[in-house]
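Trainee: Below is one structure. I have some questions about it.
The values are calculated or read from the model by the stated rules, or taken from the named source; none is laboratory data. Predicted model, so just to flag it, every value in this text is computed and none were measured. Here Cβ is always computed from backbone atoms with ideal geometry, including for glycine, and neighbour counts include all displayed protein chains.
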Amino acid sequence: MKLQDLDVIVTAPPAPGWGGRYWILVKVTTDTGIVGWGECYASTVGPAAMRAVIQDVFERHMHAENPENIELMYRRVYSSGFTQRPDPTVMGAFSGLEIACWDILGKHRERPVHALIGGRMNERVRGYTYLYPLAHHDMTGFWTSPQMAAESALDCIARGYTAVKFDPAGPYTLRGGHMPAMSDITRSVAFCKAIRDAVGEKADLLFGTHGQFTTAGAIRLGQAIAPYDPLWYEEPIPPDAVEQMAAVARAVPIPVATGERLTTKAEFAPVLRAGAAAILQPALGRAGGIWEAKKIAAMAEVYNAQVAPHLYAGPIEWAANIQLAVSIPNILMCECIETPFHDKLIKSCIRVEGGYIEAPTAPGLGIDVDEALARAHPYHGQDLHLQMQEDPCDYVNGNAFEGGAPSIKT
């Protein structure tokens, strides 16, 4: 059995677009006719350029190879161009293709992927979700309203979730870490208080930030929200300053989580060695794929750290996350995005029931992709999947953030 054909589909979820502006799906077919699906979580270049990168990685390093040879293909890609170092774009391309290889192997052997990477450790996986606006909420005002966030949290609890994530401390700026505005700290505390008052002990609070603060600023904010006992403090400073993230971890009594922007074990290992995080959040469509994520989880196990796979993408990466989560002993929980489009794209093959996802039993990734639906929603824009703003922190008028890619107003 050899890898033969590749098709890349860039699909845009309908408004409001939770999961990013578009998802990059890959369809890989073998010379025996088996189809495998994967998803590339890479957003450093536009979709047209990324399509070319994915095709180059496939043709140069994977075409005509046996899909079993994951390690060999990974080393080809990792070493490409005499580099032997993490490249988020190239590794993002490989990650989606690698996921497709596992889907092929599972289908070929009529076994779920987790059965091929160590077997079933967990019968079910705990899920969590971001807080999103409810139908009666104002789409713009939601992101700065502790009261609306608390209502959304209660809705999540009613659906069975035992952990909710929120992100009131923007902005994300390409200028690097900044000192938070006092209004950002005040609003963050108000969010934590309102949500904690609403859910009590029924749910963990997951405080989302995405590398926007200086070390000192992250410590100030972390100490301010600590009385509400969040389960984690997500990527409080930029991911390229591991020792400084460790300083935050030592100064703030909230576990630090990080990893959605890291790729391969080479970038996760320094985080563990420095004691910079207690929870790793690999995005399997960027980190190197399922096998590399399994290695990252094994390293985390040695350091008594847990894994919570990241998801701000489509349901194919979600399916890969679940296969990994089922197979490892140190899983904490998996991020979930429940929209009608996510559900339809994989024909309801994955469901969150009572806040948990049952271990898949179907072959491969355990999903049935609606290819026609994916092709019916092409992305024609020029923006990236996620983008950072150029404007600095606004210390006068305050800041607002809309949770990932700004929502499409309808």
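Trainee: Counting only residues that are hydrophobic (A, V, I, L, M, F, W, C) and either in contact with a Leu (Cβ under 9 Å, 6 or more places away or on another chain) or under 17 Å from residue 36 (Cβ atoms) (or both), which one in the stretch 355-382 is surrounded by the most Cβ atoms within 10 Å (Cβ to Cβ)?
Mentor: Ranking the candidates gives 365 first.
Trainee: While we're on this one: Residues that are touching a residue at least 60 places away in the same chain (Cβ under 8 Å): list the helices (runs of 4 or more DSSP H) wholly contained in the stretch 24-129 that include at least 2 such residues. Steps first, answer last, please.
Mentor: Values: elements: 47-61, 70-78, 88-109, 113-116.
Output list reads 70-78, 88-109, 113-116.
Trainee: Somewhere in the stretch 218-234, is a residue modelled with pLDDT under 95, out of contact with any Pro (no Cβ under 7 Å at 6 or more places or on another chain), farther than 20 Å from residue 154 by Cα and of a type outside the set (Val, Ile, Thr)?
Mentor: Within the stretch 218-234 (the criterion being modelled with pLDDT under 95, out of contact with any Pro (no Cβ under 7 Å at 6 or more places or on another chain), farther than 20 Å from residue 154 by Cα and of a type outside the set (Val, Ile, Thr)), the answer is no, since none of the residues qualifies.
Trainee: Consider the stretch 327-366. How many of its residues are among the small types (Gly, Ala, Ser) and on the phi < 0 side of the Ramachandran plot?
Mentor: 3
Trainee: Step by step: first the residues of the stretch 242-282, then only those that are buried (at least 21 other Cβ atoms within 10 Å of the Cβ) and among the polar types (S, T, N, Q), then the one that is farthest from the chain's Cα centre (by Cα). Which residue is that?
Mentor: By that ranking, first place goes to 264.
Trainee: Could you list, in sequence order, the residues of the stretch 138-193 that are aromatic (Phe, Trp, Tyr), farther than 22 Å from residue 245 by Cβ and touching a helix residue (DSSP H, G or I) at 6+ places or on another chain (Cβ under 7 Å)?
Mentor: Correct list: 142, 191.
Residues are listed down the side, and each one gets a yes or a no for (1) over 11 Å from residue 315 (Cα atoms); (2) among the acidic types (Asp, Glu):
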{"residue": "331", "(1), (2)": "yes, no"}
{"residue": "339", "(1), (2)": "no, no"}
{"residue": "343", "(1), (2)": "no, yes"}
{"residue": "353", "(1), (2)": "yes, yes"}
{"residue": "358", "(1), (2)": "yes, yes"}
{"residue": "363", "(1), (2)": "yes, no"}
{"residue": "367", "(1), (2)": "no, no"}
{"residue": "373", "(1), (2)": "yes, no"}
{"residue": "376", "(1), (2)": "yes, no"}
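Trainee: Name the single residue, out of those in the stretch 326-353 being more than 20 Å from residue 235 (Cβ to Cβ) and aliphatic (A, V, I, L, M), that is surrounded by the fewest Cβ atoms within 10 Å (Cβ to Cβ).
Mentor: It comes out as 352.
Trainee: Which residues, counting only those in the stretch 13-53, are at pLDDT 95 or above, surrounded by 17 or more Cβ atoms within 10 Å (Cβ to Cβ) and polar (S, T, N, Q)?
Mentor: Passing the criteria: only 30.
Trainee: In the stretch 285-310, how many residues are closer than 26 Å to residue 132 by Cα, free of Cβ contacts under 8 Å to residues at least 40 places away in the same chain and either in contact with a Pro (Cβ under 8 Å, 6 or more places away or on another chain) or aliphatic (A, V, I, L, M) (or both)?
Mentor: Number satisfying all stated conditions: 2.
Trainee: Continuing with this model, one more query. Among the candidates 222, 211, 275, 217, single out the residue that is in contact with a Lys or Arg (Cβ under 8 Å, 6 or more places away or on another chain), more than 17 Å from residue 86 (Cβ to Cβ) and in contact (Cβ under 8 Å) with a residue 24 or more places away in the chain.
Mentor: Answer to the selection: 275.
Trainee: Just a yes or no: is a residue in the stretch 294-307 surrounded by fewer than 24 Cβ atoms within 10 Å (Cβ to Cβ), under 16 Å from the mean Cα position of the chain (by Cα) and among the charged types (D, E, K, R)?
Mentor: Within the stretch 294-307, one or more residues are surrounded by fewer than 24 Cβ atoms within 10 Å (Cβ to Cβ), under 16 Å from the mean Cα position of the chain (by Cα) and among the charged types (D, E, K, R).
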